[in-house]
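For reference, the structure is listed below as structure tokens.
FYI, it's all coordinate maths here, none of it is from the lab. On a predicted model such as this, the values are computed, not experimentally measured, just so you know. Cβ placement follows ideal geometry from the backbone for every residue including glycine, while neighbour counts extend to all protein chains displayed.
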Amino acid sequence: MRTAHEPAAPAEGPLPDRQVALIDLLDRLLSGGVVLTGDLVLSIADIDLVRVSLNALIASIGEQNPAPWTADLPVRDGHEG
Amino acid sequence: MTEAVTYAYAVARDDDGTLATELSGLSGVADAPVRLVRAGRNDGVVVAVSPVPAPDFREEALHAHLEDMEWLEAIARAHHRVIEAIAAHGTVLPLRLATVYLDEERVRLMLDDSREEFADRLAELAGLEEWGVKIYVEDAPGTEDPAAPSTGADLSPGRAYLSHRKAQRHAREDAYRAAQRVARDVAATARRQAVARAQHRPQQGELARGPGENVVNDAYLVPRPAAHNFRAAVLRTAEEAPGVRVEATGPWAPYSFAASLEAEPAKKVTP
């Protein structure tokens with residue numbers, strides 16, 4: 001599990017005061033909202049949302065933009081305890 | 001000028017033209033202006049759209065972009081900004097992120113086909129707002145020092161370690177049980193004050209802010225007048241639950257309920 005490091009205040013974005021947490025937003029934008037079908041340039045059904053959200057929510061926030069807490073990965077080992 | 005396609009954000013009502021006025025000057029996805037598309041037979045139901053550069057929003061490019069975290073965040077925040085601006089004016093039916101049409105005429109045709117259904121859903125969502133409720137099991141205290149001799153010096157270092165680990169494990173099990181109680185209390189509160197529930201996957205990974213482990217990540221649809229009490233009641237559920245933290249976020253536009261309101265009424269508060 002996480003160690004006792006403070007999860008340093010995320011220093012992303014120039015407007016920290018108004019920021020909704022990105023992960024809360026992505027929960028809603030990638031799985032919520034009306035899905036339209038039909039005459040779209042892009043049918044959302046064509047997007048591999050599992051892949052997108054895995055990338056977005058779990059795997060990475062981008063190497064060029066490392067989070068301050070990357071050294072502190074929550075290791076979900078299966079043999080905890 | 002670059003060729004443009006049409007990015008669609010949401011469906012809303014603009015019976016008197018005030019929404020159009022309020023959205024003028026707002027910058028949407030790709031810094032584009034936000035406009036309203038009206039149905040052929042104008043009955044007040046509109047779709048908010050922006051012209052966006054085709055090279056970035058055609059299918060292949062969009063696929064690649066959506067896996068670029070920086071790009072995804074920019075588009076997500078812009079989308080949200082427009083949804084919030086509409087929500088400040090009235091009921092909004094958000095569309096899924098990255099709904100892109102070839103041009104506004106295609107959007108108009110879609111609206112012509114679906115406007116009755118949209119109007120019905122807008123009416124159902126009127127006066128309701130979404131609240132997020134997340135329940136966390138916090139990290140057990142003392143995890144950073146597993147070798148600390150917890151009880152008397154009469155234990156060998158090995159035994160002391162095992163005894164300490166055992167205590168930690170029990171604390172964690174207690175915290176999970178407490179989290180289950182909190183989840184039940186939240187559900188009971190919701191039965192009184194919310195009209196629908198949607199479940200999201202618990203948050204994990206680097207974007208999850210923690211601290212602790214997110215075990216419940218739900219959204220509730222709450223009548224606006226009840227929202228204050230709902231939030232307070234939800235936050236109270238963790239007061240006597242050591243090791244458990246509850247967070248409430250909102251109010252949100254009804255993202256988690258836009259599509260599922262009539263399709264999945266079964267989602268309403270299940271144990």
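A few comments on the model shown:
- Rounded to whole Hz, the Karplus (6.51, -1.76, 1.60) HN-Hα couplings of region B:178-190, x for glycine and proline: 4, 5, 5, 4, 4, 4, 5, 5, 5, 4, 5, 4, 5
- Note on B:R224 and B:D112: with the Förster distance fixed at 30 Å, the Cβ-Cβ geometry gives a FRET efficiency of about 0.45.
- Sorting B:T2, B:T91 by the number of Cβ atoms found within 10 Å of their own Cβ, with the fewest placed first, yields B:T2, B:T91.
- Among B:P51, B:P94, B:P225, the largest mean-square fluctuation in a Gaussian network model of chain B (Cα springs under 10 Å) belongs to B:P225.
- Annotation: extensible slack from B:S156 through B:R41 equals 33.0 nm (criterion: 0.36 nm per residue apart, minus Cα-Cα distance).
- Overall form of chain B per C-alpha gyration tensor (a/c, 1.5; a/b vs b/c): prolate
- Less than 5 angstrom separates the built amide H of B:A196 from those of B:L221, all sequence-distant by 5 or more or on a different chain.
- Max mean-square fluctuation residue, GNM over chain B, Cα-Cα springs under 10 Å, options B:A64, B:A48, B:A194: B:A64
- Rounded to the nearest 10 degrees, the inclination of helix B:227-236 to the longest alpha-carbon principal axis of chain B is 20 degrees.
- In a fully extended conformation the segment linking B:E240 and B:W71 would gain 56.7 nm over its present Cα-Cα distance, using 0.36 nm per residue.
- By other beta-carbon atoms within 10 Å, ranking B:H89, B:H170 with the fewest at the front produces B:H170, B:H89.
- Note on chain B: GNM, Cα springs under 10 Å; of B:E138, B:E117, B:E213, the largest mean-square fluctuation is that of B:E117.
- Coil-residue trypsin sites (Lys or Arg not before Pro) of region B:18-79, DSSP, other Cβ within 10 Å capped at 15: B:R41
- Calculated mean residue ellipticity, 222 nm, chain B: -13000 deg cm²/dmol, from DSSP H runs (n ≥ 4) at -39500 (n - 2.57) each, averaged per residue and rounded to 500.
- Added length on full extension, which subtracts the Cα-Cα distance from 0.36 nm per residue, B:R177 to B:S163: 2.9 nm
- Listing A:S31, B:S27, B:S50 from fewest to most neighbouring C-beta atoms within 10 Å gives B:S27, A:S31, B:S50.
- For B:V215, the residues 5 or more places off, or on other chains, whose built amide H falls under 5 Å of its own are B:I135, B:Y136, B:V137.
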